[in-house]
Each structure stands twice: as C-alpha cells, then as structure tokens.
Amino acid sequence: MPPKKTPSRKRAAKKTASKKVSNTDEVKEPDISKVSEHVEQLFKTFSTKQTDNPHPLRKNDLEQRMIEFDVKFAGDSKKILSSINRIDPRPTLAATRLPEDVKKTLEALKPGHKRFHGAKVSLAWFPFPSVFSRCADKFGYITPLSVRNATKLPFNFTNQVLLGELGGMMGDPGRDPSGDSLMPSGFTYFGQFVDHDITLDVSSSLESEQDANTINNMRTPALDLDSLYGRGPALDPFLYAFPTSDPPTAIRFQLGTNSTGPGPGGPGGAAGFPGMVTQTNFDVPRMHNPLDPPSSSNTAIIGDPRNDENLIVVQFHHAMLKFHNKVVDLLVVAGFSGDIFVEAKKIVTQHYQWAVVHDFLKRICGTPAVNNALSGVSAPIGSAFRMPVEFSVAAYRFGHSMIRDQYWVNFNFPFASLAQVFQFNRNPNLPVLSSWVVDFNAFFDTGISVPIHNKAKKIDSFLASGLESIPGGSGIMAILATRNLRRGLALGLPSGQGMANHFGIAPLTATELKQGLLPDEIAVLDSNGGLLLSKTPLWYYILRESAVQKDGEQLGDVGAKIVADTFVRILKRDGSSFLNVSGGFTPMLPSVTPGDFTLADLVIFAGVTQP
C-alpha cells in the first residue's frame with residue numbers, strides 16, 4: 001500500500017489561510033457605511049433646529065454690545081434685535097468644552113502666532129461633502145442609456161456642421177433681441193454664482209464622444225458655498241481674517257480695497273446721486289506687489305476664480321463675504337459661546353440655500369415645479385449622486401440668454417455697456433474703482449428707489465449682442481452657442497423630445513418650436529430633412545420651450561423639472577442642508593417678510609445697499 005502523501009507546506013498554508021478568511025469570527029470586513037463620531041457630531045451641528053435665547057436682549061443691551069464690539073448693522077434695528085434673540089447663546093458644544101488640542105489650535109492660529117502645523121479643528125470648518133459623501137465627484141445622466149441612444153443626434157461631422165450653423169444663427173448680432181422680462185437682473189448673475197458653487201468641468205471635449213460618467217466634477221455638488229469658504233480657515237487661511245481681540249472662533253473673511261481716485265460710487269441710498277461716497281472696502285482681496293505696483297496681477301483671492309469674471313458677479317461675491325462677516329457680528333453681539341465660525345457658516349449657508357429654493361428657483365422654474373420637486377424627489381442623506389449633464393450642459397445654461405447689452409450700474413454709469421462690465425473688472429481698472437462699485441438696489445428688489453431697475457432679458461434663443469464687445473469676445477456669441485450645442489452632442493444628451501417623453505410630458509411640436517422665429521433660423525431647423533425638429537438639441541429645446549410656453553419669463557415644463565429636481569436632490573442628500581434641519585427650518589435673519597429670506601434681504605443685511 002503506497003504511503004499517504006503529506007501536503008506540501010505551500011498547499012497547507014493556502015488551505016489554512018483560506019480557512020481563516022472564511023471564518024467570520026476571526027476576520028471581519030470593515031463597515032464602510034458607518035461614519036465616525038466626529039461626522040455624526042457634524043450632522044447634529046447642522047441639523048439641530050435653532051432655539052431662541054432664553055434671556056432675550058433688550059434694545060439698550062443691543063446698543064451697548066454694538067458699542068462694546070464696534071459693530072454696526074444695516075436695516076431696521078428692531079429686526080436686528082429680533083434676529084439676535086433667535087440665537088440661543090448656549091450651543092450644543094460650548095467653546096470651553098472643546099478638546100484641549102482644538103483650544104490650543106485656536107490660540108495658535110491668531111495672527112501673532114500663525115502656526116498651522118499639527119492643527120486640530122472642527123470638521124465643520126471644511127466643505128461638508130469632503131467629509132461625508134459617496135460617488136459625487138463625477139458627472140452623470142438623468143436619462144438611461146436606452147433613452148439617450150434612441151433620441152440623441154448621432155455624433156458625426158454632418159451634425160457638427162449643422163449645429164455650427166444653428167449656433168451661428170443664435171449668435172448673429174444682427175438679430176432683433178427679445179424684450180425684457182419681469183425678473184431683476186441680479187438673478188442672472190446669482191445664477192452664475194450658484195453654478196460656480198456646484199459644477200466645474202475642466203476636462204470634457206467637443207471633438208469626440210464622451211461618457212459623462214468619466215468626467216470629473218471639480219466642485220462639490222452641494223450648495224455648501226465652497227466657492228466662498230474654499231477649504232476653510234485651516235487649509236485656506238489667506239481667505240480669512242483671524243480675530244485679535246474677539247472670541248478666537250469669530251473668524252471673518254478678508255475684504256479688499258478700492259482704487260479711490262475716480263471718486264464716489266456704489267449705492268446712493270435715499271439721497272440718490274449726492275448720497276454716493278468714496279468706497280474703500282467694496283472689492284474682494286487681490287494680489288498686490290508693493291515693490292512694483294504697476295506689475296501687480298490683481299488676481300482675486302477668493303474660493304473660485306470664475307467669480308472674478310465680470311464686475312457684477314465679483315461684486316456679488318464681495319457681498320457674500322460681507323454677509324458672512326455680518327452674521328459673525330450678530331453671533332458676537334448675541335454672546336454665542338460655541339464655535340462662532342461654524343455657527344456663522346451654518347446660518348449663512350442655510351439662508352443661502354433657502355433663498356436658492358424659495359426666491360431664485362421659484363422665479364426661474366415656477367412655484368408648482370419647485371413644490372413638486374420638494375414633495376416628489378427622494379434622495380436619502382449621503383446617497384450616491386452624479387451631477388447630471390442634462391442639467392449642467394443644457395437646462396441650467398438658460399442664463400446665457402438673460403444677459404443684457406446695457407446695465408444701470410450706479411448713478412455715475414446709467415448706461416454701462418456689457419463690454420464695460422467686463423472691462424472694469426480687469427487691469428488697469430483694478431482694484432475695482434470706487435466710482436464703478438455696483439449699486440445692488442438696481443439689481444434686486446430692495447425697496448430703495450433707483451432711476452432704472454435692471455431687468456433680465458427673456459429666456460429664449462436670442463443672445464445679447466453686447467457679448468461681441470467683451471474683452472476677447474469677437475465672435476463669442478456664435479462660439480458660445482455652438483459650444484453649448486456641440487458639448488451636448490459630444491456627451492450624447494437626449495433630444496428635447498426624448499427628455500420630455502422620459503418625464504411623461506408632451507413634447508413641443510415642430511410648429512411650436514418654430515413659433516416666432518425669423519425665416520433664416522427656421523431654414524436651419526428645416527434643413528437636413530428637419531432633423532433638428534425631430535431630435536432637437538436639449539439646450540436649444542429648453543430655450544424654445546421657455547419662449548413658447550412661458551413667454552420667456554421662466555423655464556417651460558421640461559427645463560423647470562430638470563432644474564428644480566436637480567437642486568432639490570442636491571439639498572436632500574446633503575445632511576447639512578436646510579431641508580434636513582430637525583423640526584424644519586425657518587429663516588431667522590432680518591427680512592422684509594418674517595419667516596422668509598430673499599436675495600434682496602441678503603444684500604440688505606450684508607450692508608451693500610446703503611452708502
């Protein structure tokens with residue numbers, strides 16, 4: 001009888017290892033769905049409902065504290081006092097109970113020390129999605145592949161040329177533009193500001209077909225104001241002014257200066273032209289070379305450089321810096337004893353989110369579409385998400401048609417051209433000239449009278465001819481329109497008809513698509529057997545839908561659903577958003593209508609509507 005073979009050491013080790021791996025008592029896979037106690041605390045910080053001060057301040061108390069802390073507020077003092085008394089100075093975690101290493105860090109960050117090595121700070125200082133988010137760093141699609149394949153324009157040279165013809169037609173500066181809408185022009189540039197908060201595509205191509213799922217979104221897809229706060233005071237300290245005498249967490253934003261030589265500018269208030277003053281801190285911080293001032297780049301020191309593209313958006317960014325600083329002032333005066341920066345960031349972000357939904361979206365999409373999204377969209381906190389290109393490349397690009405050729409900037413410049421809006425945000429006109437500081441009373445409904453209240457152009461397939469005259473803008477209208485159309489082609493977006501059918505919405509007919517258009521544009525749509533009338537590019541379809549269904553005042557059925565649903569999904573999956581506050585969120589900052597908060601309320605409280 002042959003002897004038994006002894007298993008080799010290698011086979012025995014392999015068998016033993018296999019046995020150990022299969023033994024769940026010995027080896028357990030980590031549960032990556034769990035979050036740390038630090039992240040749980042972060043959820044609580046943002047989702048806890050604000051409670052009132054149990055010992056409310058009186059008017060005399062407010063006046064004394066404002067003198068003590070050298071703080072001034074714009075607006076009705078009664079509303080300021082009411083807002084302060086909505087703040088419970090006793091936080092969930094008092095500053096005195098912070099971990100010892102965090103306390104030492106706060107001391108080390110003061111200007112006299114400036115030691116960041118080994119810093120230990122609250123996770124709430126950082127962009128929330130960076131701390132807890134799944135699969136949110138890419139673009140993606142709303143529609144399934146089957147819908148896109150069945151309805152999209154094929155990617156080929158013929159269709160590239162065809163879209164070039166349509167884009168050239170949209171960008172023809174000789175076309176008669178549409179009239180003004182009823183919407184204040186500030187919402188055009190607020191829409192741009194919001195876009196810079198949630199999307200940044202630096203790698204997609206127009207030259208070849210691409211799957212959006214492979215393209216990185218370089219912005220956190222959350223309304224978390226990372227374009228304002230950057231990566232927070234611990235990683236982007238150059239954005240911030242650390243306190244020297246106030247509580248150590250009363251961290252404000254740095255503000256820029258103005259070139260004062262040209263004289264007064266900005267808001268004139270009730271006095272009008274004589275009320276304007278020489279502005280000194282009405283710009284964002286900028287790079288300056290004191291050894292050779294003429295060579296200074298004047299690059300904006302802000303969370304997203306795109307917010308320095310034109311005068312109006314950069315001045316709004318400046319208003320947001322001041323908005324945060326005023327909320328810090330409010331918390332200091334209220335005697336808030338927790339992390340003031342974290343609380344201020346929460347208040348600022350959640351009021352901004354409220355204004356996005358209840359002011360901006362309701363104007364752009366209509367109240368029914370927003371309410372349907374709020375009640376119908378399901379997105380659990382932390383659920384996977386990819387920024388849909390049906391939104392970012394098509395529906396949300398409605399703002400390109402809302403740009404005006406001229407703006408009433410302030411009493412100095414009642415007919416500023418679009419070229420000047422760009423020119424006076426570039427060297428040698430930087431820092432922003434005092435005389436060119438924007439009067440936001442002409443851009444939002446603040447209640448302060450100005451001679452001309454700028455209204456956005458209607459949403460349609462016409463682009464402002466003034467785009468031709470911006471720096472480097474020769475031919476940009478046709479270029480902009482063609483790029484939008486060809487980007488949708490390269491990414492394989494569904495047609496407008498395919499998108500409508502996917503939503504169960506009756507598509508526009510060919511007759512409706514051509515309604516009110518000039519003969520040459522109709523000719524392009526009818527060419528190639530009417531291909532663009534049966535497979536209409538989604539961006540163009542959404543513009544035409546707005547013009548046909550809503551007279552250009554807001555988005556039509558398909559556009560409104562894409563935009564409203566996407567924003568609501570972004571907010572619902574974000575555990576720090578106002579939609580996830582326990583017991584519901586009610587704005588507490590000063591406002592014209594108690595319990596509401598609009599963009600007009602924001603710029604008033606920020607102090608940028610008065611001289």
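Kindly list, by first and then second residue, each pair from a residue in the stretch 510-534 that is without any contact (Cβ under 8 Å) to a residue 40 or more places away in the chain to a residue that is of a type in the set (V, I, T) and part of a helix (DSSP H, G or I), limited to pairs with Cβ atoms under 7 Å and residues at least 6 apart or on different chains.
The qualifying pairs are E512/V548; K514/I522; Q515/V548.
May I ask you to verify whether L153 is at pLDDT 95 or above and either open to solvent by 40 Å² or more (accessible area, probe 1.4 Å) or of a type outside the set (V, I, T) (or both)?
Numbers: at pLDDT 95 or above: yes; either open to solvent by 40 Å² or more (accessible area, probe 1.4 Å) or of a type outside the set (V, I, T) (or both): yes.
Here the answer is yes, as L153 does meet what is asked.
Which members of the stretch 181-222 meet the condition of being at pLDDT below 95 and more than 20 Å from I142 (Cβ to Cβ)?
Within the stretch 181-222, V202, S203, S205, L206, E207, S208, M218 qualify.
Within the bounds of the stretch 431-443, is there any residue that is part of a loop (DSSP other than H, G, I, E, B) and surrounded by fewer than 19 Cβ atoms within 10 Å (Cβ to Cβ)?
For the stretch 431-443, residues part of a loop (DSSP other than H, G, I, E, B) and surrounded by fewer than 19 Cβ atoms within 10 Å (Cβ to Cβ): absent.
Scan the stretch 263-287 for residues that are open to solvent by 70 Å² or more (accessible area, probe 1.4 Å) and in contact (Cβ under 8 Å) with a residue 12 or more places away in the chain and jot them down. Can you show your working first?
Residues of the stretch 263-287 open to solvent by 70 Å² or more (accessible area, probe 1.4 Å): 270, 273-274, 280, 287.
Within the stretch 263-287, A270, F273, T280, M287 meet the criteria.
Quick test of your reading of the structure: S337 fulfils all but one of (1) touching a helix residue (DSSP H, G or I) at 6+ places or on another chain (Cβ under 8 Å); (2) surrounded by fewer than 24 Cβ atoms within 10 Å (Cβ to Cβ); (3) assigned to a helix (DSSP H, G or I). Name the failing condition by number.
Exception for S337: condition (3).
Take the stretch 258-279 and flag every residue that is at pLDDT below 95 and of a type in the set (S, T, Y).
Listed by number, the residues that qualify are S259, T260.
Just one of the numbered conditions (1) within 30 Å of P221 (Cα to Cα); (2) touching a residue at least 12 places away in the same chain (Cβ under 8 Å); (3) outside any helix (DSSP H, G or I) is not true of G595; which one?
Result: G595 passes all but (2).
What number of residues within the stretch 542-556 satisfy the criterion of being over 26 Å from D197 (Cβ atoms) and in contact with a helix residue (DSSP H, G or I) (Cβ under 7 Å, 6 or more places away or on another chain)? Explain how you work it out, then say what you get.
Keep residues of the stretch 542-556 that are over 26 Å from D197 (Cβ atoms), which gives 544, 547-549, 551.
Applying the additional criterion that residues be in contact with a helix residue (DSSP H, G or I) (Cβ under 7 Å, 6 or more places away or on another chain) yields 544, 548-549.
Number satisfying all stated conditions: 3.
Does the stretch 562-581 include one or more residues that are aliphatic (A, V, I, L, M), out of contact with any Leu (no Cβ under 6 Å at 6 or more places or on another chain) and free of Cβ contacts under 8 Å to residues at least 12 places away in the same chain?
no
Looking at the stretch 385-403 only, could you name the residues that are within 16 Å of Q554 (Cα to Cα) and among the basic types (K, R)?
R397
Residues are listed down the side, and each one gets a yes or a no for (1) part of a helix (DSSP H, G or I); (2) open to solvent by less than 10 Å² (accessible area, probe 1.4 Å):
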{"residue": "S297", "(1), (2)": "no, no"}
{"residue": "R306", "(1), (2)": "yes, no"}
{"residue": "I312", "(1), (2)": "yes, yes"}
{"residue": "Q315", "(1), (2)": "yes, yes"}
{"residue": "N325", "(1), (2)": "yes, no"}
{"residue": "F341", "(1), (2)": "yes, yes"}
{"residue": "V348", "(1), (2)": "yes, yes"}
{"residue": "L361", "(1), (2)": "yes, yes"}
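Restricting attention to the stretch 400-416, and to residues there that are assigned to a loop (DSSP other than H, G, I, E, B) and without any contact (Cβ under 8 Å) to a residue 60 or more places away in the chain, which single residue is least open to solvent (accessible area, probe 1.4 Å)?
For the stretch 400-416, the residue satisfying everything is W408.
The values are calculated or read from the model by the stated rules, or taken from the named source; none is laboratory data. Given the structure is predicted, the values throughout are model-derived calculations rather than measurements. Heads up, the Cβs are rebuilt from the backbone with ideal geometry, glycines too, and the neighbour counts pull from every protein chain shown. Please note that ligands, DNA and RNA were not included when accessible areas were found on the heavy atoms of the full protein model with its side chains. Shrake-Rupley method; radii C 1.70, N 1.55, O 1.52, S 1.80 Å.
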